[in-house]
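A.B. asks: I have a structure here, written as structure tokens, and I will follow up with some questions on it.
Bear in mind that the values in this text are calculations on the coordinates, not laboratory data. Everything numeric in this text was worked out from a predicted model, so none of it was measured. Quick reminder, even Gly has a Cβ in these numbers, built from the backbone with ideal geometry, and neighbours come from all protein chains shown.
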Amino acid sequence: MSDQADVKSIDTLAFVKAAFAAFAHETNQAVSEIEIQGQRAVEWITVDRAAFWKAEIRRRSDIVNKAIKDLEHCRTFKKVGDNTPSCVEEKKALDKARKLLETAERKAEAVRRWTPVVQQQFRETCVRGPKRHPPARRRGAARTGRARPHGGGVMKVGDLSSGASKLANALKQLNIKWDSAKDTWHDTRAKAFQKDNVEPLLPAVKETLDALGRLAEVLDRAARDVSEHDGG
């Protein structure tokens, strides 16, 4: 009898099992959402923007070539005697076209520069989710459900804040339920269970949230650099 868990109600065992099952479900949902949003952001930066600025370089190059021809036409056909026409408007148009082309080329270079950075950061974040191994089975000890979320892993193009909040809330709710379970399960088995299965979750989730914060920052900086709303 000394090996059995001192639980006053069998309902507590079911309660603990359900609490960990809910944690597993909620964290898996949160992580899936984070990975989808993060992948969407990465693809927008590395694929969508790459294609966009490539097309813009072609389009703006055509505009520059046309502006050059317009300026040459002005200098040739608007010349009166020995007086060279000022062609002010044509010069302004050419200057503007060249600046727009330079912006597109700078943005395309930003995409090339950020692509390996955001991909690496996303991969590193995705393999870091809070991992919780199933509690070791001990003779007479309570048996609980398995909670093992996969990786974590991120800009309105791919907003990570919602999934991160859900992940933090899942841990909060699990701790609340565990505190409630300890009212009727508080022997040495309960202490061992808490040490092995509950306490490791806090640093694991914190590490994941920190990694998400770093990913969100990288994605935000990259998105601003490759966006067309920066003088493009």
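A.B. asks: Using a Förster radius of 41 Å, what is the FRET efficiency between LYS92 and VAL117 based on their Cβ-Cβ separation? Nearest 0.05, please.
C.D. replies: 0.65
A.B. asks: Let me ask something else about it. From the phi of every residue in the stretch 161-178, what ³J(HN,Hα) in whole Hz does the Karplus formula 6.51 cos²θ - 1.76 cosθ + 1.60 yield, where θ is phi - 60° and glycine or proline is x?
C.D. replies: 3J(HN,Hα) across the stretch 161-178, in whole Hz: 5, 5, x, 5, 5, 5, 5, 5, 5, 4, 5, 4, 5, 5, 5, 4, 5, 5.
A.B. asks: Among the listed pairs LYS54/LYS99; LYS166/LYS195; LYS54/LYS78; LYS182/LYS206, give every one whose C-alpha distance is greater than 27 Å.
C.D. replies: Those over the limit are LYS54/LYS78.
A.B. asks: Here's something else I'd like to know. Using a 10 Å cut-off on Cβ atoms, rank the peptides 96-103, 55-62 from the highest mean neighbour count down.
C.D. replies: Descending mean neighbour count gives 96-103, 55-62.
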